[in-house]
């Protein structure tokens, strides 16, 4: 059975905890012959278009984006991985598979200068296919802005493979607020792969919610190429049962005075396992840039495997980089305080879980979609 290598770190690290890369095992059994998935929009406002394009057309569009060269050296080491012309978080092997399996992509474009204030909802349904892939290219042209929410759903007890490949192109002065919400059945292997190319003075605000699925691989590569480009992201995820979550976010800061701010809120229960890789990468020429990342993990049980790998890579002097990670159970004083007010330990855990997710779900513009997230959480803890 073939394995797929995913979510590689940009440089080798001490690998005692086996975190340099992720592995999806037996991919010829799990992933091959995936079907196309049905996608639809509630409405598309004026100035926003959507059409199906071939893989050749997709490659042509991506080839016109600014170059993303690998570093020659990182802290005295030769980089081990940058095999994509348009980099994504999960990486080349899944990107190649998604391109082949999807047979093309959905192209969503916002015309130059168009400001779209009303949120656009993009639904991707996996309930009829146990192996399906959706590939998208989102192109926000010069001076335009878009507020977009994407949700992936299925029947609650459904299972299989659900693959998402998203590439975002932000031209000069473009702005995108993107919410990705995953509410798949508990039997799914889910991969969400995102790559972003930032033009000068462009901005992207990303909110990502991962509630469903059993094994989840979520990867983001933010290439801040243009000067003064900005990337803000927040992700909330839950892993339960014998599930596994693999989260890899890379902010590659190439332009001058770029900003990256990434936060991660996770909840692990039962026998779940998790790997988080977060990299802030200051490239030569990124003077005046700042990058921050912070992880907060709530552990609800004892039989949990939790691994974290925060990295800062730097070949520029005039930069600011910070990272941190907080991992632990509910403190006894919190449980005691809630107990004095008639709140038992299980209810206290639920309250804290909802609080973790609220930092992200508050950014979802559609109230009905936000309610679906909390309904799913209630079913899990009910």
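The values are calculated or read from the model by the stated rules, or taken from the named source; none is laboratory data. All values derive from a computational prediction rather than experimental measurement. Note that we place each Cβ from the backbone using ideal geometry, even for glycine, and neighbour counts take in every protein chain shown.
General observations
- Cβ-Cβ under 8 Å pairs, at least 6 apart or on other chains, segment 371-382 side at negative phi and surrounded by 17 or more Cβ atoms within 10 Å (Cβ to Cβ), far side part of a helix (DSSP H, G or I) and modelled with pLDDT of 90 or more: 373/357; 373/361; 377/357
- Per the conditions (1) surrounded by 18 or more Cβ atoms within 10 Å (Cβ to Cβ); (2) closer than 30 Å to residue 367 by Cα, the sole criterion not satisfied by residue 98 is (2).
- Any hit, segment 146-156, residues being at positive phi and either in contact with a helix residue (DSSP H, G or I) (Cβ under 8 Å, 6 or more places away or on another chain) or at pLDDT 95 or above (or both): no
- Residue selected from segment 355-370 under the condition touching a residue at least 12 places away in the same chain (Cβ under 8 Å) and surrounded by 16 or more Cβ atoms within 10 Å (Cβ to Cβ), by the criterion farthest from residue 179 (Cα to Cα): 356
- For segment 93-130, residues that are under 30 Å from residue 157 (Cα atoms) and within 20 Å of the chain's Cα centre (by Cα) total 18.
- Of the residues making up segment 19-74, just one is more than 22 Å from residue 195 (Cα to Cα), modelled with pLDDT of 90 or more and surrounded by 15 or more Cβ atoms within 10 Å (Cβ to Cβ), namely 47.
- Any chance residue 89 is within 22 Å of residue 2 (Cα to Cα), out of contact with any helix residue (DSSP H, G or I) (no Cβ under 8 Å at 6 or more places or on another chain), modelled with pLDDT of 90 or more and assigned to a loop (DSSP other than H, G, I, E, B): yes
- Within segment 153-167, the set of residues being touching a strand residue (DSSP E or B) at 6+ places or on another chain (Cβ under 6 Å) and either over 17 Å from residue 89 (Cβ atoms) or without any contact (Cβ under 8 Å) to a residue 40 or more places away in the chain (or both) comprises 153, 159, 160, 161, 166.
- Residue in segment 336-345 that is under 28 Å from residue 242 (Cα atoms) and crowded, with 18+ Cβ neighbours inside 10 Å present: no
- Here the condition is being in a loop (DSSP other than H, G, I, E, B) and crowded, with 16+ Cβ neighbours inside 10 Å; of 256, 274, it holds for 256 alone.
- Every residue from segment 338-364 that is at pLDDT below 75 and in contact with a helix residue (DSSP H, G or I) (Cβ under 9 Å, 6 or more places away or on another chain): 338, 339, 343, 344, 345, 346, 347, 348
- Taken as a whole, the condition of being more than 18 Å from residue 187 (Cβ to Cβ), modelled with pLDDT of 95 or more and out of contact with any helix residue (DSSP H, G or I) (no Cβ under 7 Å at 6 or more places or on another chain) does not apply to residue 234.
- Among the residues of segment 221-232, those that are assigned to a strand (DSSP E or B) and crowded, with 24+ Cβ neighbours inside 10 Å comprise 221, 222, 223, 224, 231.
- Segment 238-253, residues that are in a strand (DSSP E or B), over 13 Å from residue 295 (Cβ atoms) and in contact (Cβ under 8 Å) with a residue 40 or more places away in the chain: 238, 246, 250, 251, 252, 253
- For residue 285, the criteria (1) farther than 27 Å from residue 354 by Cα; (2) part of a strand (DSSP E or B) hold in every case but one, which is (2).
- Residue identified as touching a strand residue (DSSP E or B) at 6+ places or on another chain (Cβ under 6 Å) and within 24 Å of residue 197 (Cβ to Cβ) among 297, 312, 275, 327: 312
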